[in-house]
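Asker: First the structure, then my questions, so here it is.
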Amino acid sequence: MNSTTHNDSRWAGTTLQVVEDEAARLVKSLPREHVAKFLPTVGQLTADMITEIQRAVPAYARPLEGYFGTIMRSGVEQAVRRMLDSVGVGGSPSRDWANLYRKIGKVEFHEGRSLDSLQTAYRVGGKVAWRHIADWGIRHQLPMRTLTVLAEAIFVYIDEISALSIEGYTRAQSESERVKDRRQRRLLHALLNPTRTARESLATLADKAGWQLRDEVAAVALQPADDLQELPVPDLPDDVLMDLDGPSPCLITAQPQQHLAHLAPQLGGRRAAVGPVVAIGDTATSLRLARRCLDLVLRGVIDDNPLTWTEDHLATLCLLGDEFLISEIRSRTLAPLERLTSKQRHRTAQTTLAWLETRGSVSDIAQRLGIHPQTVRYRMRQVDSIFGDTLDDPDRRLELEISLRADQALRGQQPTEAEQCPT
């Protein structure tokens, strides 16, 4: 809902009674005999108001047929008769006239027309009414004071019925948004539980939610808000499904590159991770990987960024996919390092991993680590004495490299200037 609509709705709720009282007071101050003489012109006035509204507002330039015609005629006629009834000469205005104008606002929303069209129609109708009354008043030589009061009363009534229609419009808008939100959330949960929902059922849910069912989607994991602060609602296209209220908030979108370009600044400092684009039946897998990636970001294993793309970290996700299993491999494979000091352990692991990754010459390893070749030779003699036959067995070398890479990722260890000095 935009700010203008919100403010109009608030105005409608807080000042309507004041407006109603003022309009009634103005009309009741007029001589009853003058108002009674005007009654026979109501039919022509109503017809002229409708004609001018249809001419001035393109949204209403259509035949007065069916429900549209009924409610338009009723709205215009009741506007006139309600005013006349304030002095007891209006005939039989609707006793539920206020709800009539709330209903008009509701109809306008469901018909897809804007409040601007409706409010323009009311203003046009008011101008037509004033022209009729002014011409009639001049012909009947009404006092200028009476004409002035009539003019003021007309435009106060326009404010009154506008406020009622705004109230109906915004209430319908709010109800529609709540229904749409519920339907989209239900669809999101269905996408995350594909075994429970057939493709045909997904299509039905998507149609009700106003969401185009795609062949491929990506899920986004959002860092939850704490107990004292709600997660801000990001301004995203309508075809991004959102669930921000659960313990594990998430989004689903078919076009992550396009739709999430401006997501990060809207998260209030919280982090998000975008899962891989997958077949729609694998949406839960995309979200699982996104949540795993987000967890590693929050733990400092993956570089901290407001928005992280899992496709940039698939090797790390694969490497740490089962931390219990990788812990078992690490504890066995890296056991020979346990007898070393922390600094020795780090340098030996760093040198061993550089050798495993490059299988290059001493000068290649030295350049990679930023240390002197002689230091590499010294360290490699230590590596050979520590790991021995492991370095000659392809399978054990693989386990060793996996362990060292996992150890580096989980510890977040990077070489420092001090650690680059020869030992």
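The values are calculated or read from the model by the stated rules, or taken from the named source; none is laboratory data. Fair warning: this is a prediction, and the values are worked out from it, not measured in the lab. For neighbour counting, all protein chains shown are included, and Cβ atoms are generated from backbone atoms with ideal geometry for every residue, glycine included.
Residue-by-condition table, conditions (1) surrounded by 15 or more Cβ atoms within 10 Å (Cβ to Cβ); (2) more than 30 Å from Ala261 (Cα to Cα); (3) at pLDDT below 85:
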position: Glu167; (1), (2), (3): yes, yes, no
position: Ala172; (1), (2), (3): yes, yes, yes
position: Glu177; (1), (2), (3): no, no, yes
position: Lys180; (1), (2), (3): yes, no, yes
position: Ala206; (1), (2), (3): yes, no, yes
position: Leu222; (1), (2), (3): yes, no, no
position: Asp245; (1), (2), (3): no, no, yes
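Asker: Could you identify the single residue in Thr333, Thr283, Thr310 that is in contact (Cβ under 8 Å) with a residue 12 or more places away in the chain and over 27 Å from Val233 (Cα atoms)? Reasoning before the result, please.
Answerer: On the way: Thr283 fails: over 27 Å from Val233 (Cα atoms); Thr310 fails: over 27 Å from Val233 (Cα atoms).
The unique qualifying residue is Thr333.
Asker: Could you grab me the full set of residues in the range 283-308 that are in contact with a helix residue (DSSP H, G or I) (Cβ under 8 Å, 6 or more places away or on another chain) and aliphatic (A, V, I, L, M)?
Answerer: Ala284, Leu289, Ala290, Leu296, Val301, Ile302, Leu307
Asker: Now for a separate question. Are any residues in the range 132-148 over 12 Å from Phe38 (Cα atoms) and charged (D, E, K, R), and if so, which ones?
Answerer: Selection gives Arg145 alone.
Asker: Only one of Arg347, Arg368, Arg339 is within 52 Å of the chain's Cα centre (by Cα), at pLDDT below 90 and either under 30 Å from Ala221 (Cβ atoms) or outside the structural domain of Val278 (by TED's automatic domain parsing) (or both); which?
Answerer: Step by step, each of Arg347, Arg368, Arg339 is checked, and only Arg368 is within 52 Å of the chain's Cα centre (by Cα), at pLDDT below 90 and either under 30 Å from Ala221 (Cβ atoms) or outside the structural domain of Val278 (by TED's automatic domain parsing) (or both).
Asker: In addition: Could you tell me which residue of the range 262-289 is farthest from Leu202 (Cα to Cα), considering only residues that are touching a strand residue (DSSP E or B) at 6+ places or on another chain (Cβ under 7 Å) and assigned to a helix (DSSP H, G or I)?
Answerer: Ala264
Asker: Turning to a different aspect of this structure: What number goes with the only condition from (1) in contact with a Gly (Cβ under 9 Å, 6 or more places away or on another chain); (2) modelled with pLDDT under 85 that Ala163 does not pass?
Answerer: Tallying (1) in contact with a Gly (Cβ under 9 Å, 6 or more places away or on another chain); (2) modelled with pLDDT under 85, Ala163 fails exactly one: (2).
Asker: Can you name the residue in the range 348-362 that is free of Cβ contacts under 8 Å to residues at least 12 places away in the same chain and of a type in the set (S, T, N, Q) and, of all such residues, is nearest to Glu401 (Cα to Cα)? Write out each step before concluding.
Answerer: Of the residues in the range 348-362, the ones free of Cβ contacts under 8 Å to residues at least 12 places away in the same chain are 358-361.
Going one step further and asking which of them are of a type in the set (S, T, N, Q), we end up with 358, 361.
Values: Thr358: 11, Ser361: 18 Å.
Checking each candidate, the answer is Thr358.
Asker: Of the conditions (1) crowded, with 20+ Cβ neighbours inside 10 Å; (2) at pLDDT 85 or above, Tyr101 clears all except one; give me its number.
Answerer: The failed condition is (2).
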